[in-house]
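J.: Supplied in structure tokens, the structure appears directly below.
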Amino acid sequence: MPELPEVEALAGYLRQRAVGRRVDRLEIAAISALKTYEPAPTAVAGRAVVDASRHGKFLDVLFEGDLHLVVHLARAGWLHYREAFPATTPLRPGKGPIAVRVRLDDGSGFDLTEAGTQKKLAAYLVTDLSAVPGVAKLGPDALAADLPTFAERLRSRRGQVKGVLTDQSVLSGVGNAYSDEILHSAKLSPFAITDRLTDAQMATLHAATRQVLGDAVERSLGQRAAELKGEKRSGLKVHARTGLPCPVCGDTVREVSFADSSLQYCATCQTGGKPLADRRLSRLVR
């Protein structure tokens, strides 16, 4: 799933390549992806791209006249920039992975695609960002929050730190992958309880959040959209590395699986050497 660093990089790439170009047309290939009906997609035609930015994990493309195309890429969504499209014929709804296509006046543009069968990519065409439910309920940006804000937000929601850190209403921008990386850097168990964290642990977690996300943004900026996924994988120390050695201590990276997700961690670095078992069956290490 694209998280804060990748969405920030995608916005930066669009600022460099698309800002100043006018839209030839906006096409919706996956009807279920468009969550709004007014303004209509035809309203974008002829408008210039003014800016591209990020709200948590939401990508926001701003057109003149304060019209926003806000996109949540979900688990399998991505943006593909095309210097030229192979044909000018309209997209056929329901065919292939393309959900949304934006054609620009120089022949270039970008596709928003979604792989797999679970179609959860969501696009909103709005003049008011508060009309996007996910944006309206976002907590403070995880990379921008200072320590007092960070600590107050995490302690406001009692629960396992892994889950609270990825709750977008608590802090926005962190998902499954970077939460694993942040907790590994902070040497915290993913099952530690937020309101039991000491001030020192909270400060370490805040510093790790800023460092992990900041480093990922720095690596990602300037990369082409097609290169970002590989860049993300190359920087991961524990996430999606089950069975491989921890680059910090050499212990084997372990995994805890859930119904539709999993987490990875290093027992030596994070849980005092004690493996975490399935939380449905065993007492958690905190």
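The values are calculated or read from the model by the stated rules, or taken from the named source; none is laboratory data. Just so we're clear, the structure is a prediction, and the values are computed from it rather than from any experiment. Heads up, the Cβs are rebuilt from the backbone with ideal geometry, glycines too, and the neighbour counts pull from every protein chain shown. For accessibility, only protein heavy atoms count, side chains too; no ligands or nucleic acids. Shrake-Rupley method; radii C 1.70, N 1.55, O 1.52, S 1.80 Å.
J.: Give the distance, in whole Å, between the Cα centre of region 45-97 and the Cα centre of region 154-198.
T.: Comparing the Cα centres of region 45-97 and region 154-198, I get a distance of 31 Å.
J.: Cut-off under 22 Å on the C-alpha distance; same-chain residues fewer than 8 positions from Lys274 excluded. Which lysines are left, in chain and number order?
T.: Answer for Lys274, where 22 Å is the Cα cut-off: Lys162, Lys187, Lys237, listed by chain and number.
J.: Using semi-axes √(5λ) of the Cα gyration tensor in Å as the read-out, say which of (i) 54, 21, 19; (ii) 43, 40, 14; (iii) 37, 19, 17 was calculated from these coordinates.
T.: Matching the structure shown: (iii).
J.: Going through the DSSP H helices of the chain, which span 18 Å or more along their own axis at the Cα atoms while scoring at least -0.5 as a mean Kyte-Doolittle hydropathy?
T.: 4-17, 199-220
J.: Another question, if that's okay. Leu26: accessible area at probe 1.4 Å, nearest 10 Å²?
T.: Approximately 20 Å² of Leu26 is accessible to the 1.4 Å probe.
J.: Next up: Are there cysteines in the chain with no second cysteine's Cβ under 4.7 Å away, and if so, which?
T.: Cys249
J.: Turning to a different aspect of this structure: Please give the peptides 36-48, 199-211, 63-75 ranked by average Cβ packing (other Cβ atoms within 10 Å per residue), highest first, as a rough proxy for protection.
T.: Those peptides, ordered most packed to least, come out 63-75, 199-211, 36-48.
J.: Something else now. To the nearest 10 square angstrom, what accessible area does Ile193 show with a 1.4 Å probe?
T.: Approximately 20 Å² of Ile193 is accessible to the 1.4 Å probe.
J.: Shifting gears a bit: Please list, or write none, the lysines whose alpha carbon is within less than 24 Å of the alpha carbon of Lys119, excluding same-chain residues fewer than 8 places away.
T.: Hits, sequence-local ones excluded: Lys35, Lys57, Lys95, Lys137, Lys229, Lys232.
J.: Add -39500 (n - 2.57) for each DSSP H run of 4 or more in the chain, then divide by its residues: what number comes out at 222 nm, to the nearest 500 deg cm²/dmol?
T.: -7500 deg cm²/dmol
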